[in-house]
Amino acid sequence: MKRIAFPAAFVAALVLTALAAPLLDLPDPIRQDIANRLAGAMAGSPLGRDEFGRDVLARLIWGARASLGVAFASAALACLVGVTLGLIGGWMRGLGEILTLRLVDIVLCFPPILLALLVVTLLGPGAGTLILVLAVLYAPGFARLTYGEVLSVRATDYVEAVRALGASTPRILTRTVLPNIAGPILVQFSLAVAAAVVVESGLSFLGLGVVPPTPSWGLMIRGGRTTMAQAPLLLLWPCLALTLTILAMNLLCDALRDAVDPRARAGGGRRRIVDRVLPGLFPAPRPAAPGLSISHLSVEIDTPKGTIRPVDDVSLSVASGETLAVVGESGSGKTLTALATMGLLDPSVRVVAGQVLFEGRDLLTLDERDLRALRGKRIAMIFQDPMTALNPVMRVGDQIVEAIRAHSAAGARAATDRALELFRRVGIADPEKRLRVYPHEMSGGMRQRAMIAMALANNPVLLVADEPTTALDATVQAQILDLLADLRRDTGAALIFITHSLAVVAEIADQVVVMYAGQIVESGPVAAVFATPRHPYTAALLAASPDSNDPSAGIPGTVPALHALPPGCRFAPRCAHATDACATPPVLEVLEDGRESRCVRRREIFG
Ligand code: SF4
């Protein structure tokens, strides 16, 4: 607060003094008194008189009205237009991106002075013209900055998380994206105000800005320059006012940037792990809810090396109260399968075939509005790293309250009570206090509990958890798995659990689907698959070191690039059992016991 106090007080005093100029007992700033031309300090004129005998102090204060008015108005207008264009371009991508960026580029092509001369010629000089010219000059800077910031923020997990909660685009932009990019925009605003004060002075100096005899700092510098040899102080006062104003604005916006970003205020978050899970606080089990069924889902992406299919003919289902684990190495397509289910695929990724049945509707045929109504309410998602999935500049409690209110008519009080109940339910100690902290002030385990609380906010019937324990240490991981298992049992929700850890699968899942290079290679009940695997990839995963975080540690080679897949079995280059027979692409066979396997040599290898 100390950092902000001085510049804020200076700017506030400056603005108030300028606004109060008509109320102050000052000499008329435009009344000439040739007899006292270039007079020094005198009674009633502590800063002396200018080349026309006008009072310098009165002109300085009245001049601040013109200079600061033009600077703030033009910077605010440029900020409004530029940030809007940047948000549209960065968020919409595609045609919106091209139109906004090209518009900005066209404006940037004009030399500033030429543009100013053109507008002044058309509209005539004056403060209004100056505001327009400066706003046009500075808007592209705001647009470019906002565009770049939106691009970096839109890919973060916390933006994906609010999309997953069903928030509308305007709400995401105003409540999540803008607060996270406010820092750089504020700095840009301070620079624009400072630059506008200077340019106003320059254009007024050239006779293109404020029209004499109206005082402005620019006109005062212009007048002071002509009499510099006889009265150098006439140049000093407006230059000093200009310099101090610019300095104060820069300091103020720097301090504001830190003030709006709690990460900048933090001196390193507390690293405390809360290990307590409060038992017995769960509500009575709800009636059985419908599950999810994915049929023949295929997803494609156009790349410079051709079209790839990272999800290829995937079918799976999960019933209410059941946990289905989807396991596989990075690049196996498990996360894309989940994102396609949620309708959260990037625009560059398209679903080319399949059906996702949930509560009698095919989610792939729903429009964005209907999907938003489902996400965060009937279906919820838990992300891998809650540090990036929670909005870093918003208190955790506010995020949960927002998630509750996005899908209900609950008032602020009721939503806060519900958030408290959820915090207790997921085992967060001292919930009243924890609701008021920012994500960086929580430990990793507590953040994940908060993320789970947010996912449970509207009693979803399907939970999709994308590697929710990968970023946690072993102790906290075990606690979170216990918590999820309890919640699933007590709420009756279906749980799809994406992971690369077989140990996690063994602990939490009823059914398992093993994916490799975009395809399912084996599926079935966890106990059966683990006891008697029916695919060499599953067997190799199980044989790998149980202590390893990398399930493929014991398997030679890597997952093939999707644009250069082997012609037959995709696992063949790494398979110890591969023969010429594997040159034919294997199909996913349903076995006698209902399990599935994609291996042409299954009978020979496993009997
Ligand atoms: S089809 Fe051949 S290469 Fe593929 S998993 Fe079976 S044995 Fe291995």
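The values are calculated or read from the model by the stated rules, or taken from the named source; none is laboratory data. A quick note: this is a predicted structure, and the numbers were derived from the prediction, not measured. Methodologically, a virtual Cβ is constructed for each residue, glycine included, from the backbone with ideal geometry; neighbour enumeration extends over all protein chains shown.
Structural remarks
- Test result for Arg602, surrounded by 14 or more Cβ atoms within 10 Å (Cβ to Cβ), in contact (Cβ under 8 Å) with a residue 60 or more places away in the chain and within 12 Å of the ligand (Cβ to nearest atom): yes
- Annotation for region 73-80: no member residue is part of a loop (DSSP other than H, G, I, E, B), in contact (Cβ under 8 Å) with a residue 12 or more places away in the chain and in contact with a helix residue (DSSP H, G or I) (Cβ under 9 Å, 6 or more places away or on another chain).
- Yes/no for Val526 being more than 11 Å from the ligand (Cβ to nearest atom) and at pLDDT 90 or above: yes
- Extreme residue, surrounded by the fewest Cβ atoms within 10 Å (Cβ to Cβ), among residues of region 558-573 that are over 13 Å from Tyr516 (Cα atoms) and away from the ligand (no atom under 12 Å from the Cβ): Ala564
- Helices (runs of 4 or more DSSP H) contained in region 111-185 and holding at least 2 residues crowded, with 22+ Cβ neighbours inside 10 Å and within 28 Å of the chain's Cα centre (by Cα): 127-154, 157-164
- Test: residue in region 576-592 that is touching a residue at least 24 places away in the same chain (Cβ under 8 Å), buried (at least 20 other Cβ atoms within 10 Å of the Cβ) and out of contact with any His (no Cβ under 8 Å at 6 or more places or on another chain): no
Quick grid of which residues meet (1) of a type in the set (D, E, K, R); (2) within 26 Å of Pro468 (Cβ to Cβ):
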| position | (1), (2) |
| --- | --- |
| Ala509 | no, yes |
| Met515 | no, yes |
| Val521 | no, yes |
| Gly524 | no, yes |
| Ala539 | no, no |
| Ile555 | no, yes |
| Leu591 | no, no |
| Arg598 | yes, no |
| Gly607 | no, no |
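Here's the yes/no breakdown for (1) among the aliphatic types (A, V, I, L, M); (2) assigned to a strand (DSSP E or B):
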| residue | (1), (2) |
| --- | --- |
| Leu481 | yes, no |
| Ala485 | yes, no |
| Ile496 | yes, yes |
| Glu507 | no, no |
| Gly524 | no, yes |
| Ala527 | yes, no |
| Arg534 | no, no |
| Pro566 | no, no |
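- Subset of region 419-430 (residues that are under 19 Å from Ile382 (Cβ atoms) and either among the polar types (S, T, N, Q) or surrounded by fewer than 21 Cβ atoms within 10 Å (Cβ to Cβ) (or both)): Glu421, Arg424
- Residue among Ala576, Ala539 that is more than 9 Å from the ligand (Cβ to nearest atom), in the same structural domain as Gln477 (by TED's automatic domain parsing) and farther than 28 Å from Ala340 by Cα: Ala539
- Residue match in region 3-10 (condition: of a type in the set (Gly, Ala, Ser) and more than 37 Å from the chain's Cα centre (by Cα)): no
- Residue within region 195-202 that is more than 20 Å from Ala255 (Cα to Cα), part of a loop (DSSP other than H, G, I, E, B) and over 19 Å from the mean Cα position of the chain (by Cα) present: no
- Within region 583-596, being under 18 Å from Met515 (Cα atoms) and within 10 Å of the ligand (Cβ to nearest atom) holds for Pro585, Pro586.
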